[in-house]
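The values are calculated or read from the model by the stated rules, or taken from the named source; none is laboratory data. On a predicted model such as this, the values are computed, not experimentally measured, just so you know. Quick reminder, even Gly has a Cβ in these numbers, built from the backbone with ideal geometry, and neighbours come from all protein chains shown. Ligands, DNA and RNA are stripped out before the accessible areas are found, and what is left, the full protein with its side chains, is counted by its heavy atoms. Shrake-Rupley method; radii C 1.70, N 1.55, O 1.52, S 1.80 Å.
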Amino acid sequence: MKLLNRCHILLALSFAVLAAPLAEAQTFSKPIRKTSVYYSETGSQQQWDEWETPDPDAEDSDSETNRSYGQWRSDLEFNNPDNYSSNPANIWTAASQDSDIDAASKTFWNYGYALASIYVQGDAVSDADSRFRFDFEMTDSGRLVLQGEVGVTNFYGYDQARDRSGTARVVVRVIDLATNQNVYRKVVSMSDEDGGVYYDSYEFDDEEIELESGNYRLVVNAFADDVAVSDQVNFSLAVAYTELEGYIEQD
């Protein structure tokens with residue numbers, strides 16, 4: 001009798017799953033989250049050849065990628081070199097992301113940043129990014145609702161740019177996958193700001209992005225980079241950050 005009741009329960013659950021709207025199971029798809037960092041530096045003391053660019057004194061890169069749902073944390077950083085007193089060049093590059101994509105509740109959040117800084121006499125590159133995206137389906141009209149803030153700045157904690165800032169940019173886009181066109185786009189950026197504290201941001205106060213039925217992609221990317229070519233840079237610093245939460249609802 002117990003076995004029979006259990007079979008009835010399982011059968012009822014199976015019918016319930018089949019009866020549920022298919023769109024609910026397909027709302028979120030193709031989640032991709034990625035952080036990456038790269039740096040290189042060539043000190044001014046290195047001899048230059050007239051016809052050939054010298055190899056960097058130091059160079060490295062790293063990246064992490066997640067293609068699953070759920071919470072994900074990534075922290076990447078280079079702070080080179082350790083022997084600063086004997087090699088007067090410093091590259092600071094970092095990317096961080098703490099995010100969640102919940103396909104069941106149709107909610108998500110993304111807290112992260114990309115940071116690029118150089119202190120160099122010579123050539124240097126500092127490059128970082130934090131990327132977040134997923135696709136979603138709307139079987140009826142509805143909206144994507146965003147709450148939080150994205151921005152760029154030339155300071156991080158107690159550190160502030162003492163020379164120029166470098167470049168930082170945050171891009172938030174909603175793409176119609178049928179046309180590959182943006183239906184929403186917000187960009188906050190800065191480039192080589194000089195002098196004093198620089199800060200620019202955009203606040204999403206339960207901002208509603210109205211959407212018709214169809215397939216869409218949400219993209220939230222933060223980039224920071226800086227380059228020096230035969231230059232003396234007295235500590236640049238560029239940071240792009242995201243503090244964003246949201247959800248999708250249908251009418």
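Remarks
- What a 1.4 Å probe finds exposed on region 111-162 is 43% carbon and sulfur by accessible area, rounded to a whole percent.
- Coarse-grained scattering of region 108-158 at q = 0.15 Å⁻¹, given as base-10 log I(q)/I(0) from a Debye sum over alpha-carbon atoms: -0.68
- Dimensionless Rg/Rh of region 172-251 - Kirkwood Rh, Rg from C-alpha atoms: 1.10
- Each label point was placed 7 Å from the Cα along the Cα-to-Cβ direction; for Phe155 and Ser29 their separation is 4.6 nm.
- The translational diffusion coefficient of region 55-197, from Stokes-Einstein at 20 °C and 1.002 mPa s with a Kirkwood hydrodynamic radius over alpha carbon pairs, comes to 120 µm²/s.
- Based on protein heavy atoms only, region 199-243 ends up with 45 Å² per residue of surface accessible to a 1.4 Å probe.
- Tail beyond 19 Å, pair distance distribution of region 113-221 (Cα, percent): 54
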